[in-house]
1. So what are the ³J(HN,Hα) numbers for segment 111-124, from phi and the Karplus equation (6.51, -1.76, 1.60; θ = phi - 60°), rounded to whole Hz, Gly and Pro as x?
2. May I ask you to derive the relative contact order of segment 174-246, considering only C-alpha pairs under 8 Å and at least 6 residues apart, and to give it as an integer percent?
3. Please report the net charge: other residues with Cβ closer than 15 Å to the Cβ of Asp21, K and R +1, D and E -1.
4. Which net charge results when you count Lys and Arg as +1 and Asp and Glu as -1 among the other residues whose beta-carbon is under 13 Å from that of Pro64?
5. Using mean Cβ contacts within 10 Å as the protection proxy, how do 26-38, 118-130 order, highest first?
6. With Cβ to Cβ distances under 15 Å as the rule, what net charge do the other residues near Leu188 carry (K, R +1; D, E -1)?
7. If I model a spin label at Ala242 and Leu130 as a point 7 Å from the Cα along the Cα→Cβ vector, what separation in nanometres do I get?
8. What lysines could a cross-link reach from Lys189, if we take a straight Cα to Cα line under 18 Å and drop same-chain neighbours fewer than 8 places away?
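All of the numbers you see were taken from the coordinates with simple rules; none came from a lab. The shown structure was predicted, so the numbers you read here are calculated from the model rather than taken from an experiment. Every residue, glycine among them, receives a Cβ derived from its backbone with ideal geometry; neighbour counts consider all protein chains shown.
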Amino acid sequence: MPTVGEILSAERRRQGKQLADVVEGTKIRSRLIDALEQGRYDDLPSPAYVKGYIQSYARFLEIPAEPLLDQFRTESANTVRRTAPIDRYLAAIPADTIVPRRDRVHEIPRNVWVVVAAGGVLVVLLLCALAQLFGGGGTRNTPPPLSGDETSSASPGAGASTGATSTTTASLGFKVRISALTGLASTLKVTVDGHVDFNGSLQDGASKEYLVTTTAVLVIGNPSAVVVTRDGQTVDVTAGQALTLTATN
């Protein structure tokens, strides 16, 4: 049974088209087209990128893409891949390359406030403990009442540190990254914690990354042209549906 690359190569030759024609029509580099036709998957990026190449190539030749994608899944499942150069490049990108919105440039991050509040609770508890330990005449000093926020994040005695730490950790949120496949593009609208952070087009290898505290909603025009990750894990995107990510799922 011919491979995906052999099918594409044979159809290209049948239509009398050269490799340069495919490069011009799909905007995919010639070395990647050649590797796909030869079935050298080790020389290609991750499967998510290769699926985009196959779709673009099939669209250029005006043939159905789904049978080719199904066959590629079978072929790639039986192939032991090494880390491609582009994967190593993407992995080397710092995780905190987040561009703040203009109105948040001078804003103190929310998690900093949480850490400061937790530190204040610990200081109050420490002062109360010292007052009880060194208070003279057997008089026990009653610690001041805690506010509602402080009460929910700290409990009496040794449990206070654990409660404050849990609140801080839960408030750190998660990171969402949207990357356009090479040679492909998609419209994209990103709403983070109730604010629209991006509404436009994501093209040809460009990416957006956001730190989400509670909820992120992604509206992607062409899901097959992008890869979405949450804290480094790939997230499936359904065509025609908004993708909602929350801190609890």
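1. 5, 5, 4, 5, 4, 5, 5, 5, x, x, 4, 5, 5, 4
2. Contact order relative to length: 37 percent.
3. Cβ neighbours under 15 Å give a net charge of +2.
4. Overall, the nearby charge balance is -3.
5. Output ranking for 26-38, 118-130: 26-38, 118-130.
6. Within the 15 Å Cβ shell, the charges total 0.
7. Going by the 7 Å Cα→Cβ label model, 5.1 nm.
8. Lys175, Lys208
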